């Protein structure tokens, strides 16, 4: 037999052995199930393996692991205790770590995609409906907007943390379902997921704090309570300035970084997604500019 044929046969046999070993004997996982426990409740969801060095790092939704006393990850027939590295409520992203296991491998990511691209969650298929969709969520200190991908496919509450696939590559992480529209879900863009995850590996995310109490100028009850006037303007009004040296009670913030403010929810979204800001403020019948730069 020609030696080239022998080599070819050997290579094919090696490839077959590797495939059998990976698929049937020693499968690999880049998605894990997460069980989050405390004394009052148990929450479940999923996480995506995104990095390996001395440990394996998994990214998931913050709302899955929030207030957890114990976090367990499951893959194959194995359970493992995971450590919460850090989390951020406003991004709804958290990072977990576990001791390295050869079966856990980082997923493949794709950072470019388009509206109407075909996508899937596990076996449920659909398409990207809207990019940069702002969705209102309730957090511990009030309502907040999260920037998402809106996808049209069958999705359920238990799908939080699952990867959103385009082909075999991950382009997002599922975060929410729509209570009003059927088969509509929201995912966090993978670019944002990875950026925030890498930040959370070493530190918490610091956000600007104006050190004031605010209310929307459309909130008539609050304005009456604090004896304030909105002067017919749209934005947020300072109801108490505490010890702020920049803002005074009665100030109306009408824009931040040249973005008009609709209400306090929009203001928090713009404020918490920047480190440097310029405020346009209406004070004593005139407009002034306040910067923290």
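Taking residues in the stretch 72-95 that are more than 21 Å from residue 193 (Cα to Cα), and partners anywhere that are part of a loop (DSSP other than H, G, I, E, B), the pairs with Cβ atoms closer than 8 Å and at least 6 places apart or on different chains are 75/103; 76/27; 76/103; 78/101; 78/103; 80/101. Residue count for the stretch 173-186 satisfying the condition of being within 19 Å of residue 45 (Cβ to Cβ), surrounded by 13 or more Cβ atoms within 10 Å (Cβ to Cβ) and more than 13 Å from the chain's Cα centre (by Cα): 4. Just to be sure I understand, how many residues within the stretch 202-247 are closer than 30 Å to residue 94 by Cβ and surrounded by 14 or more Cβ atoms within 10 Å (Cβ to Cβ)? So the answer is 8. The residues in the stretch 31-64 that are crowded, with 21+ Cβ neighbours inside 10 Å and under 20 Å from residue 104 (Cα atoms) can be counted, and the count is 15. Checked against the criterion of being in a strand (DSSP E or B), farther than 27 Å from residue 42 by Cα and either outside the structural domain of residue 177 (by TED's automatic domain parsing) or out of contact with any helix residue (DSSP H, G or I) (no Cβ under 9 Å at 6 or more places or on another chain) (or both), the candidates 138, 134, 125 yield just one match: 125.
How many residues are farther than 16 Å from residue 184 by Cα and either part of a strand (DSSP E or B) or under 12 Å from the mean Cα position of the chain (by Cα) (or both) if we restrict to the stretch 158-172? Residues that pass the stated criteria total 4.
Which residue is farthest from residue 281 (Cα to Cα), if the candidates are limited to the stretch 210-249 and must be in contact with a helix residue (DSSP H, G or I) (Cβ under 9 Å, 6 or more places away or on another chain) and assigned to a loop (DSSP other than H, G, I, E, B)? Among those residues, the one meeting the criterion is 219. Does residue 143 satisfy being in contact with a helix residue (DSSP H, G or I) (Cβ under 9 Å, 6 or more places away or on another chain) and surrounded by fewer than 16 Cβ atoms within 10 Å (Cβ to Cβ)? It is true that residue 143 is in contact with a helix residue (DSSP H, G or I) (Cβ under 9 Å, 6 or more places away or on another chain) and surrounded by fewer than 16 Cβ atoms within 10 Å (Cβ to Cβ). I'm trying to understand the selection: among the residues of the stretch 250-272, which are assigned to a loop (DSSP other than H, G, I, E, B) and surrounded by fewer than 16 Cβ atoms within 10 Å (Cβ to Cβ)? Once the filter is applied, which keeps residues that are assigned to a loop (DSSP other than H, G, I, E, B) and surrounded by fewer than 16 Cβ atoms within 10 Å (Cβ to Cβ), the stretch 250-272 yields 257, 258, 262.
The values are calculated or read from the model by the stated rules, or taken from the named source; none is laboratory data. Quick caveat, the model's predicted, so the values are computed rather than measured. Every residue, glycine among them, receives a Cβ derived from its backbone with ideal geometry; neighbour counts consider all protein chains shown.
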